[in-house]
Amino acid sequence: MFECTADVQPKPTDEIAEFKEELVRLRRDFHQHPELAFEEVRTSSIVEGYLREIGLEPKTGIAKTGIIADIVGGLAGPTILVRADMDALPITEQTGLPFSSSTPGKMHACGHDGHTAILLVTAKILMQRKDQIKGTIRLLFQPAEEGPGGAAPMIAEGVLDGVDAAIGLHLWLHLPTGHLNFCAGPMLAATDEFDVTVHGIGTHAASPQMGVDPITTACQIVSSAQTLISRGVDPKQPFVLSVTKFQAGTAYNIIPPSAKFGGTLRTYDETVRAEFKTAFQKLCEGVAAAHGGSAEVEWREGYPVLVNDPKIAMICEEACRDFFHMIPAEERPDARSLGGEDMAFYLQEIPGCFLFLGAYNEDLEACYNHHHPKFTIDEDSLPMGVELFLRCLDRLGSELGSK
Ligand SMILES: [Zn+2]
Ligand SMILES: [Zn+2]
């Protein structure tokens, strides 16, 4: 799948390699004890204990289980926020690994166990070189990234006060270990969910003329929506509308009175996002009315578009390019995905950069996609995550200068 061999992998410096065992131990412990959104009580208390042990005074209980702690450097400089997410997913693990989830129906199937371990060890190393740090580094451990979102409530509680820039990483199974990819500008999509109810008039299956069939009406809306996209949205725009639920009817001889369908909209552009929602509403109501029925559309706003700041992205690139395998510049837009990330909320408020760090390794069966019950990571990516954070933080401290 990838042109990458183990012998070309970057090697973390000795200082960081020394922590591999600790990173693995922390990650496996979090992995074995996954906690869902806003229930990250055990994880959060381990994070708090670890931060206290290395001499920090964490502020806990932010948005229920979130934590921040400031490392105040010995030199003048900016305040940089570095974020990790802590939550797991409602999936039953099927990896068969000895440190598999101890709770059926809960699993770290996205790599957030690794993110938390990486940020803890990064903090430990930073504390050892505190005097040389330019500015302040704010560590942020966040709940509920997988939904409904922990970033927005943490921001509401003031975690961005005084922050100049933010970075975060995602261990990424679409890249081999040692590879890094990210791009300036939009990189992850805005996510919205919708539910449509089509009201018709129920009748006997043999006499459809006596009612209004909501199923054929809803089917027309579903297929017309795809035409609405292909004819109404700039083809250069990354854009997806997927209908993922469709429910109607109870029997073979009854045309039901209503049908429901729902799905998700993924967009990169706020104007396109708003315009499409209006057009979709008109389509649903218009098609339903043409058949003698009616339609109601309900939207739930998800995460905004994740936009990397060009200047911060450039500084991160300079910090990383002599260590990681960087995806060539012309292929960098491949970093773009129509997935969503609530890191986007921080980057809406302050400039920053979110980076994808390779964790794919077929030999270790770390080759299943995120959210798959057999998902796992190549743990060699953990020290690389520390390397990534340290390099970016150091460079940002110097380049962004004093406040
Ligand atoms: Zn995920
Ligand atoms: Zn994730």
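What follows draws every value from the coordinates through simple rules; no lab data is involved. As the structure is a computational prediction, the values presented were derived from the model and not from experiment. Quick reminder, even Gly has a Cβ in these numbers, built from the backbone with ideal geometry, and neighbours come from all protein chains shown.
Tabulated data for the structure shown
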quantity	calculated
Farthest toward positive dipole pole in region 1-158 [+1 Lys/Arg, -1 Asp/Glu at C-beta], among 116, 54, 132	132
Global geometry of region 242-384, whether rounded, prolate or oblate, following the gyration tensor of its Cα atoms and the 1.5 cut on a/c	oblate
Calculated from backbone phi, Karplus (6.51, -1.76, 1.60) coupling profile of region 314-320 in Hz, x at Gly/Pro	5, 5, 5, 4, 4, 6, 10
Tilt relative to the chain, helix 112-128 - C-alpha long axis, 0 to 90 degrees, to 10	20
Computed lengthening from residue 54 to residue 289, 0.36 nm per intervening residue step minus Cα-Cα distance	78.1 nm
Alpha-carbon centroids, region 129-205 and region 4-60: separation in whole Å	19
FRET efficiency, 1/(1 + (r/R0)^6) with R0 60 Å, evaluated for residue 72 and residue 254 via beta carbons	0.30
Amide N of region 158-197 lying under 11 Å from the label point, which is placed 7 angstrom from the Cα of residue 240 along Cα→Cβ	189
Rounded if a/c under 1.5, otherwise prolate or oblate - region 318-357, Cα gyration tensor axes	oblate
Among 161-168, 328-335, 278-285, the order from most to least packed when residues are scored by Cβ within 10 Å on average	161-168, 278-285, 328-335
Percent RCO, i.e. relative contact order, over the chain, from Cα pairs under 8 Å lying at least 6 residues apart	24
Contour excess over end-to-end distance, with Cα ends at residue 103 and residue 17 and 0.36 nm allotted per residue	27.8 nm
Assigned charges on the beta-carbon of Lys, Arg, Asp, Glu; the chain dipole about Cα centre (debye)	660
Kirkwood Rh (inverse of mean 1/r, distinct Cα pairs), the chain, angstrom	22.8
Sites residue 364 and residue 299 - FRET efficiency at Förster radius 45 Å, r taken between beta-carbons, to 0.05	0.65
Scaled radius of gyration (Cα, divided by 2.2 N^0.38 Å) that region 104-157 gives	1.44
Global geometry of region 55-164, whether rounded, prolate or oblate, following the gyration tensor of its Cα atoms and the 1.5 cut on a/c	oblate
